[in-house]
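Working notes, beginning with the structure itself.
Bear in mind these aren't lab numbers, they're just calculated from the coordinates by the rules spelled out. Just so it is clear, the model here is predicted, and its values are computed rather than measured. Cβ placement follows ideal geometry from the backbone for every residue including glycine, while neighbour counts extend to all protein chains displayed.
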Amino acid sequence: MTRDDARALDRTDPLARFRDRFALPEGVIYLDGNSLGPLPRAVAPALADTVQRQWGERLIRSWNEGWIDAPQRLGAQIAPLIGAAPDEVIVGDTTSTHLFKALVAALRHDPARRTIVSEAGNFPTDLHIAEGAVACVPGARLKVVAREDLAAALDEDTAVLLLTHVHYKTAERFDLAAWTARAHAAGALMLWDFSHSVGAVPIDVTAANVDLAVGCTYKYLNGGPGAPAFLYVAKRLHDALANPVSGWMGHAEPFAFQDAYRPAAGMKRWLVGTPSILAMASLEAALALWTEVDQTAVAAKSAALFVILARAGAAAGLPCDTPADADQRGSHISFRAPHAYELTQALIARGVIGDFRAPDILRLGLTPLYLSHEDVWQAGEHLRDIIAIEAWRDPAFAVRNAVT
Ligand SMILES: *Cc1c(COP(=O)(O)O)cnc(C)c1O
């Protein structure tokens, strides 16, 4: 592929118009939107209004002028991105906290079933939280097995199968419907983590009959650093599951100020404390553009961007850990290299921002809303050049940062 080939693809790109909706710095090719999405232009004015008018002028009256319903309202905006009904999703807390609530609720759902099953090498917080959840429920235990042993690990003791839809390292994607059906066949609930798939690949929880799901909003949804996460609970389970973190915002009548906890109906019971309104404002502004986005076009462009980088990586002799089949992966590409950290730093020095995942992975995010084919082609050229001239050997690139 040449620069002209990439430009030709850009000329007919139906998503090209979205690039202007983001405030991307000059001279940067941003291949890390899978870790922290860039700043949508709509966010700063929305935050300014929330701070200056809603907080500054309207003061506490703002709680009744839209703040208090923000978790439900934002949940309804995320719902179409995962194929859920508007009243099946709520926004707040973090993905980690939602995982804890959902796992403990699943363990308490059927006292005859005591085991959480998950995958070895799952995102660390998912496994750490699962450890914490089993420690809170008498008799509960955690079974963590390799991907090829997952199906065999499901049995009459399985309360819930916890899987991350798209793997944060390799971008391998589980078949949503097939694995949900396997969990159900064993009599277990299915809990998906969509942190690396929402906004990146098409998701339909209704068609797949998913029970529970959580996900991040600061990655592909561009909600801002530490933006509140989402929780999905299938409507059929709304009355059956209880939130173990029984805070006042999940109470049926928080402003009745009663001593005894009585859970709200619907998704409201999954709230814990007072929502972080500034973070919600940023996320809400970021979500607005998704109503215009055609998910099929996103998937098609992601596949085209993948091919460009896969070719560049192959030409540079880098082994690729990401499946070649577009249906079996998310929207990033991972290369293995013994000096992946230095390679990542050398790319960043040239304005190509990706990230490093220990011990040996260079990870590059492919986000169709604001990357052009030419950007990705250019990034591939840098990658090839850095390897060809061994630019990564500069000792400055070996200095380790806290966040990689
Ligand atoms: C990013 C990510 C998280 C993040 O959880 P936080 O609670 O927001 O820190 C959780 N799970 C997966 C799979 C992720 O990729």
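The sole residue among VAL245, VAL293, VAL298, VAL233 that is touching a residue at least 12 places away in the same chain (Cβ under 8 Å), aliphatic (A, V, I, L, M) and within 16 Å of the ligand (Cβ to nearest atom) is VAL245. Considering the stretch 235-275, and only residues there that are assigned to a helix (DSSP H, G or I) and of a type in the set (Lys, Arg), the residue that is surrounded by the fewest Cβ atoms within 10 Å (Cβ to Cβ) turns out to be ARG236. Evaluate the following for GLY33: is it buried (at least 19 other Cβ atoms within 10 Å of the Cβ) and under 28 Å from PHE335 (Cα atoms)? It is true that GLY33 is buried (at least 19 other Cβ atoms within 10 Å of the Cβ) and under 28 Å from PHE335 (Cα atoms). Listed by first and then second residue, the pairs linking a residue in the stretch 217-230 that is over 14 Å from LEU369 (Cα atoms) and among the polar types (S, T, N, Q) to a residue that is within 9 Å of the ligand (Cβ to nearest atom) and not in a loop (DSSP other than H, G, I, E, B), with Cβ atoms under 7 Å apart and 6 or more places separating them unless they lie on different chains, are THR217/ALA229. Considered as a group, the residues in the stretch 181-220 that are more than 12 Å from the ligand (Cβ to nearest atom), part of a loop (DSSP other than H, G, I, E, B) and not β-branched (Val, Ile, Thr) include one that is nearest to the chain's Cα centre (by Cα), and that residue is GLY199. When you check PRO323 against the structure, is it in contact (Cβ under 8 Å) with a residue 24 or more places away in the chain, within 30 Å of ASP294 (Cα to Cα) and crowded, with 22+ Cβ neighbours inside 10 Å, yes or no? When the stated conditions are applied, PRO323 does not pass them.
Being without any contact (Cβ under 8 Å) to a residue 24 or more places away in the chain and more than 16 Å from the ligand (Cβ to nearest atom) holds for only one residue in ARG113, ARG61, ARG108, and it is ARG61.
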